[in-house]
Amino acid sequence: MKKVLLILFLIPLIITTTMAKGQAPKEKEFKASKVLSKINVDGKLDEQVWKKMPVSGFTQRDPEEGKPASEKTEVWVAYDEANIYVAAKMYDVDPDKIDRSLARRDSWMESDWFFFEVDPYLDRRTGYFFAVNPGGSLLDGTFFNDGWDDDSWDGIWDVKTNIDSEGWTVEMKIPFAQLRFNKSEDMTWGVNFVRKIKRKKENSFYVMVPKKESGYISHFAEMNNLTGIEPKQRLEVLPYYVQKAQYLVHDIEDPFYEGNQYKNSFGADLKVGIGSNLNLDMTINPDFGQVEVDPAELNLTAFETFFQEKRPFFIEGQNIFMFGHGGANNNWGFNFSIPDIFYSRRIGRSPQGENEHEGYSDRPSETRILGAAKLTGKIAENWSVGALSAVTERTFSITDSSGVRFKDQIEPFTHYGVFRTRGEFNKGKQALGFIATAVNRDLNSDNLSSFLTKEAYTFGMDGWTFLDEDEEYVITGNIIGSYVSGSKEAITNLQERSYRYMQRPDATYAILDENRTNLSGWFSRIMFNKQKGNIRINAALGAASPTFENNDLGFQWLADRLNGHVVFTYRWFEPDSTLFRSKTLNLAYNQSRDFEGNIQRNGLYFSGYGQFLNYYSSEFSFSYNAESFSKTLARGGPLVKMPSNINARLGFYSDSREKFIASIEGFHWNDFEGSKDYGLEFGLEWKPNTQLNVSISPEYSYEYATYQWVGNFEDAVSTTYGNRYVFGEMKRETYSANIRVNWTFTSKLSLQAFIQPFLSVGHYSDFHELAEASTFNFNNFTDVSFDSENEEYTINPEDGGSEFTFSNPDFNFKSFRANVVLRWEVLPGSVFYFAWTHDQMNFDDPGRMDFKNDFSNLFREEADDVFLVKFSYWWDY
């Protein structure tokens, strides 16, 4: 096994032993103009400073790379002690065709755009971007890893646009207090300017980085002459008030319902600038309510579902805490990935404990965060730092049992901590970073200490080094250690989790130990990338020990795994004469094993993407996976040999500039023992005018599984370790649709609606048991009876074993979810929200699909409706 994985990693190194070297061309540079008089930000460019010599000479990257921009663009940059100003004149020979569509802030859409991109640290790795379209719609965010972007950062800045007979103009005013930089008397920043012309599908840049190159920020022009800047000390306060009205499905006898129906809350966020290069964010009684519901999902796997973070306090600046990905510009997984060491949705999660008494309960849906603080920025030119600390309260559920009330603790008082730092050296060619996380729980309840750890820690190191002067070849790596401790019951629970299953009766390595009170483990991965030119290569070797555990503050789905892969990519950037404007092909081999040496995956992968000459596009993928062994199929039972399988995907997409945009995607999977899974998704987006956008994405999937797990049942007669591992044939159909309506009245006022009907029906039949470990052999049950009154199956094994029963596993899950949000930015940084969420669910008629009957049952069901009003006001001192 070690030899196979080593060969996988060495192949690309052997292929690329001769590495190109050269001298990068000298960057463009210009001087910013210092102004003493006031600049009126109105988009009209009538101040004297805008009469000076502009920056111009933009170059196309699309559609004709390297050619001069088809329309002239002129840019000026000025500054005073407190602000930086950017003005731009976008000439257009046909100004009536300038696109002035409106969208909510940070909602990307096809339009004409102007971008100001800046690297204040001049570290060639990080920066900010500010963008506006002719209608006044805004985008802003941060850059990291020399070109990756994150739009979660929302700065407070001012911009105005104007359209005239020559084209359109922009004026931006960005306070220095909004930016992080190392203050000095005479500063030089990296900058770039970008212009997008929708009707021509044209992207032109002041500094154009060719598609064959790697990186982006590292190529920026230099803007100098920034002298005498005296930004004020940043101090921002954002108090909020929330009023909720909840109309929920409830029992009329519930004594707690009315008391919880109308709730209000208030709190505040505080942002303090520490010098010019650090931010301290604090929050008191934060409101972490989400403005959009999580999508409906029916999870039949053994693993937890990952949901994206949507809470503003955690979203902003989250890339600082990203671990293991820097240096390389592309990463492939193949049944393996770098762990999410910090998964912020663990903080304030739904309480994990169960009520200890039966009856009506007043149970909080989330754990209240008493307070949280976050420090982010740079402590030196090449060292970034991020630290977060949060405390959640001890949470109780009040249960009313026949008039007697009990107070059950369902979540302990908990502290969460994260520290992240990284240094970059030699102009970003090398880096070394560290991360540490801690979870400490005050467990004074036997109920909670039986399944929650008392303390959990991780510590990791990551970094990269480029192998040549041109930064074409890079090696990245990381290593993580983990430690958790708690009661014997809690550690046993960890050993039995779905990504570990140490209780497997056939386990020969890392066997369940019910007397343990701690677990310590490790994770490591090393990757090699060739990331310039037509040919790209990505190769990786990784390992996660069986006892690696980071789920208390991270998100974990793997352990006990050795993995390796190699990917070869070829990219065509120039249009051919007949069909394609650009195209890409990928070919890969990957293999995963556990620490016992059992193959978990062994496959080939082939994929491609092409953009046609008419700007339509298509993509496909095909994979073949040879026979392997599953540790998870029997849910804690022995290994099961999995048959070979194939998987194919195909998608077509129309030109995204059109009023009507369409897409179709399909997939098909099957193994060589009869199981299959296929589906189809359509997408349609309609933009009737510059303010309204409507999209609908209906989806259908069908699954037929010959070995869907049902349950494990003890029976001394069974030849599979005294247990019967029962499976069934399952047929499942799923219909769903995501419907969105975005109506933007102005760049400050918008209405968004999200609707999702969801229906998934599954029927089980032909129950059978695993006949022998490490095989795909099954014994069919013939003496099977069904009690329709109690919805139970009874099986009498033919080998003389004990009769056993289980509940009908059929399901019919129906839901209708809706979310409507009105957002009004009353003043810069001050926002009013009105939101309505609606949720209906029904489970009638399991195993039987009848559209008319199913939706009739769904819409007869009572619904949960929640109305919310929130107002936050931004104070800048």
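The values are calculated or read from the model by the stated rules, or taken from the named source; none is laboratory data. Treat the numbers as computed from the prediction; the structure is a model and nothing was measured. Positions of Cβ are generated from backbone atoms using ideal geometry, with glycine treated the same way; all protein chains shown enter the neighbour counts. In case anyone asks, the SASA skips ligands and DNA or RNA and just uses the protein heavy atoms, side chains included. Shrake-Rupley method; radii C 1.70, N 1.55, O 1.52, S 1.80 Å.
Quick one: would you say residue 321 is modelled with pLDDT of 90 or more and within 25 Å of residue 548 (Cβ to Cβ)? Before the answer, list the steps.
Details: modelled with pLDDT of 90 or more: yes; within 25 Å of residue 548 (Cβ to Cβ): yes.
Against the criterion (modelled with pLDDT of 90 or more and within 25 Å of residue 548 (Cβ to Cβ)), residue 321 qualifies.
Which one is farthest from residue 812 (Cα to Cα) among residues in the stretch 846-876 that are surrounded by fewer than 16 Cβ atoms within 10 Å (Cβ to Cβ) and over 34 Å from the mean Cα position of the chain (by Cα)?
It comes out as 860.
Table: residues versus (1) part of a strand (DSSP E or B); (2) over 30 Å from residue 500 (Cα atoms); (3) modelled with pLDDT of 85 or more.
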site	(1), (2), (3)
237	yes, yes, yes
251	no, yes, yes
304	no, no, no
329	no, yes, yes
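Only one of (1) surrounded by fewer than 22 Cβ atoms within 10 Å (Cβ to Cβ); (2) in a loop (DSSP other than H, G, I, E, B); (3) modelled with pLDDT of 95 or more is not met by residue 453, so which one is it?
Among (1) surrounded by fewer than 22 Cβ atoms within 10 Å (Cβ to Cβ); (2) in a loop (DSSP other than H, G, I, E, B); (3) modelled with pLDDT of 95 or more, the lone unmet condition for residue 453 is (1).
Can you find even one residue in the stretch 543-555 that is open to solvent by less than 40 Å² (accessible area, probe 1.4 Å), on the phi > 0 side of the Ramachandran plot and among the charged types (D, E, K, R)? Walk me through how you get there before you give the answer.
Initial filter on the stretch 543-555 (open to solvent by less than 40 Å² (accessible area, probe 1.4 Å)): 543-555.
Remaining after also requiring on the phi > 0 side of the Ramachandran plot: none.
Checked the stretch 543-555: no residue is open to solvent by less than 40 Å² (accessible area, probe 1.4 Å), on the phi > 0 side of the Ramachandran plot and among the charged types (D, E, K, R).
Mind listing whichever residues of the stretch 678-709 are outside any strand (DSSP E or B) and not hydroxyl-bearing (Ser, Thr, Tyr)? Write out each step before concluding.
Going residue by residue through the stretch 678-709, those that are outside any strand (DSSP E or B) are 687-691.
Selection gives 687, 688, 689, 691.
Being in contact with a strand residue (DSSP E or B) (Cβ under 6 Å, 6 or more places away or on another chain) and free of Cβ contacts under 8 Å to residues at least 40 places away in the same chain is the filter; apply it to the stretch 752-780 and report the residue that is most open to solvent (accessible area, probe 1.4 Å).
Looking at the filtered set, the residue picked out is 780.
Need pairs with beta-carbon distance below 7 Å; first residue under 26 Å from residue 593 (Cβ atoms) and within the stretch 641-658, second of a type in the set (A, V, I, L, M) and open to solvent by less than 30 Å² (accessible area, probe 1.4 Å); sequence gap 6+ or separate chains.
644/626
When the stretch 641-677 is examined, which residues are found to be surrounded by 15 or more Cβ atoms within 10 Å (Cβ to Cβ), in contact with a strand residue (DSSP E or B) (Cβ under 6 Å, 6 or more places away or on another chain) and not in a strand (DSSP E or B)?
Correct list: 643, 654, 675.
With respect to the numbered conditions (1) assigned to a loop (DSSP other than H, G, I, E, B); (2) surrounded by fewer than 16 Cβ atoms within 10 Å (Cβ to Cβ), which one is the sole condition not fulfilled by residue 493?
(1)
Given the options 578, 632, name the one that is open to solvent by 30 Å² or more (accessible area, probe 1.4 Å), β-branched (Val, Ile, Thr), closer than 30 Å to residue 480 by Cβ and part of a loop (DSSP other than H, G, I, E, B). Reasoning before the result, please.
Details: 578 fails: closer than 30 Å to residue 480 by Cβ.
Exactly one of 578, 632 is open to solvent by 30 Å² or more (accessible area, probe 1.4 Å), β-branched (Val, Ile, Thr), closer than 30 Å to residue 480 by Cβ and part of a loop (DSSP other than H, G, I, E, B), namely 632.
Based on what the data block shows, is residue 825 more than 30 Å from residue 639 (Cα to Cα) and under 27 Å from the mean Cα position of the chain (by Cα)?
Numbers: more than 30 Å from residue 639 (Cα to Cα): yes; under 27 Å from the mean Cα position of the chain (by Cα): yes.
Spelling it out, residue 825 is indeed more than 30 Å from residue 639 (Cα to Cα) and under 27 Å from the mean Cα position of the chain (by Cα).
Determine which single condition residue 720 fails, assuming it passes every other condition in (1) crowded, with 19+ Cβ neighbours inside 10 Å; (2) of a type in the set (Ser, Thr, Tyr); (3) part of a strand (DSSP E or B).
(3)
Checking the conditions here, which among 71, 81 is assigned to a loop (DSSP other than H, G, I, E, B), at pLDDT 95 or above, surrounded by fewer than 22 Cβ atoms within 10 Å (Cβ to Cβ) and charged (D, E, K, R)? Lay out the reasoning, then the answer.
On the way: 81 fails: at pLDDT 95 or above.
Being assigned to a loop (DSSP other than H, G, I, E, B), at pLDDT 95 or above, surrounded by fewer than 22 Cβ atoms within 10 Å (Cβ to Cβ) and charged (D, E, K, R) holds for just one of 71, 81, which is 71.
Has the stretch 357-367 got any residue that is under 22 Å from residue 437 (Cβ atoms) and surrounded by 17 or more Cβ atoms within 10 Å (Cβ to Cβ)?
Quick first cut of the stretch 357-367, residues under 22 Å from residue 437 (Cβ atoms) only: 366-367.
From the residues that got through so far, the ones that are surrounded by 17 or more Cβ atoms within 10 Å (Cβ to Cβ) too are 367.
The answer is yes; a qualifying residue exists.
Which condition number does residue 818 fail, the rest of (1) among the hydrophobic types (A, V, I, L, M, F, W, C); (2) within 26 Å of the chain's Cα centre (by Cα); (3) open to solvent by 70 Å² or more (accessible area, probe 1.4 Å) being met?
Failed condition: (3).
Just to be sure I understand the filter: pairs with C-beta atoms under 6 Å, separated by 6 or more residues or on different chains, first member in the stretch 855-872 and of a type in the set (S, T, N, Q), second member open to solvent by less than 30 Å² (accessible area, probe 1.4 Å) and assigned to a strand (DSSP E or B). Which pairs pass?
857/842; 872/240; 872/831
Where in the stretch 755-812 are there strands (runs of 3 or more DSSP E), lying wholly inside it, with at least 1 residues that are under 18 Å from residue 846 (Cα atoms)? If you could, list the steps in order and put the result at the bottom.
Values: elements: 778-780, 784-787, 792-795, 804-807.
It comes to 784-787, 792-795, 804-807.
So which residues in the stretch 840-874 are on the phi > 0 side of the Ramachandran plot and in contact with a Phe, Trp or Tyr (Cβ under 8 Å, 6 or more places away or on another chain)?
Here is the first cut: in the stretch 840-874, the residues on the phi > 0 side of the Ramachandran plot are 845, 847.
Within the stretch 840-874, 847 is the sole residue that qualifies.
So residue 188 clears everything in (1) open to solvent by 20 Å² or more (accessible area, probe 1.4 Å); (2) touching a helix residue (DSSP H, G or I) at 6+ places or on another chain (Cβ under 7 Å) except one condition, right? Which one?
The one condition residue 188 does not meet is (2).
Out of everything in the stretch 678-717 that is in contact with a Pro (Cβ under 8 Å, 6 or more places away or on another chain) and open to solvent by 60 Å² or more (accessible area, probe 1.4 Å), what residue ends up being farthest from residue 751 (Cα to Cα)?
717
Hey, among 127, 66, which residue is closer than 25 Å to residue 210 by Cβ and buried (at least 21 other Cβ atoms within 10 Å of the Cβ)? Working first, answer last.
On the way: 66 fails: buried (at least 21 other Cβ atoms within 10 Å of the Cβ).
From the options 127, 66, the qualifying one is 127.
Sort out which residues of the stretch 518-542 are surrounded by fewer than 16 Cβ atoms within 10 Å (Cβ to Cβ) and of a type in the set (Ser, Thr, Tyr), and write them in order of number.
Residue satisfying the conditions is 520 alone.
Using beta carbons and a limit of 7 Å, which pairs, at least six apart or on different chains, have the first residue in the stretch 604-633 and within 16 Å of residue 578 (Cα to Cα) and the second one among the hydrophobic types (A, V, I, L, M, F, W, C) and assigned to a loop (DSSP other than H, G, I, E, B)?
That search, which allows pairs on different chains as well, returns 612/579; 613/579.
Would you confirm, using the coordinates I've provided, whether residue 406 is touching a His at 6+ places or on another chain (Cβ under 6 Å) and among the aromatic types (Phe, Trp, Tyr)? Before the answer, list the steps.
Numbers: touching a His at 6+ places or on another chain (Cβ under 6 Å): yes; among the aromatic types (Phe, Trp, Tyr): yes.
When the stated conditions are applied, residue 406 passes them.
For residues in the stretch 249-268 being of a type in the set (A, V, I, L, M, F, W, C) and under 21 Å from residue 871 (Cα atoms), which is most open to solvent (accessible area, probe 1.4 Å)? Can you show your working first?
From the stretch 249-268, those of a type in the set (A, V, I, L, M, F, W, C) are 249, 252, 256, 266, 268; that's our starting set.
Right, trim to under 21 Å from residue 871 (Cα atoms) and you get 266, 268.
Values: 266: 138, 268: 28 Å².
The extreme case among them is 266.
Output yes when any residue across the stretch 228-242 is touching a helix residue (DSSP H, G or I) at 6+ places or on another chain (Cβ under 9 Å), of a type in the set (S, T, N, Q), open to solvent by 10 Å² or more (accessible area, probe 1.4 Å) and more than 30 Å from residue 361 (Cα to Cα), and no when none is.
Checked against the condition, which is being touching a helix residue (DSSP H, G or I) at 6+ places or on another chain (Cβ under 9 Å), of a type in the set (S, T, N, Q), open to solvent by 10 Å² or more (accessible area, probe 1.4 Å) and more than 30 Å from residue 361 (Cα to Cα), the stretch 228-242 yields at least one hit.
If you check every pair at least six apart or on different chains, which have Cβ atoms under 7 Å apart with a residue in the stretch 449-460 that is free of Cβ contacts under 8 Å to residues at least 60 places away in the same chain first and a residue that is part of a loop (DSSP other than H, G, I, E, B) and open to solvent by 10 Å² or more (accessible area, probe 1.4 Å) second?
449/443; 449/486; 449/487; 450/487; 454/443; 454/486
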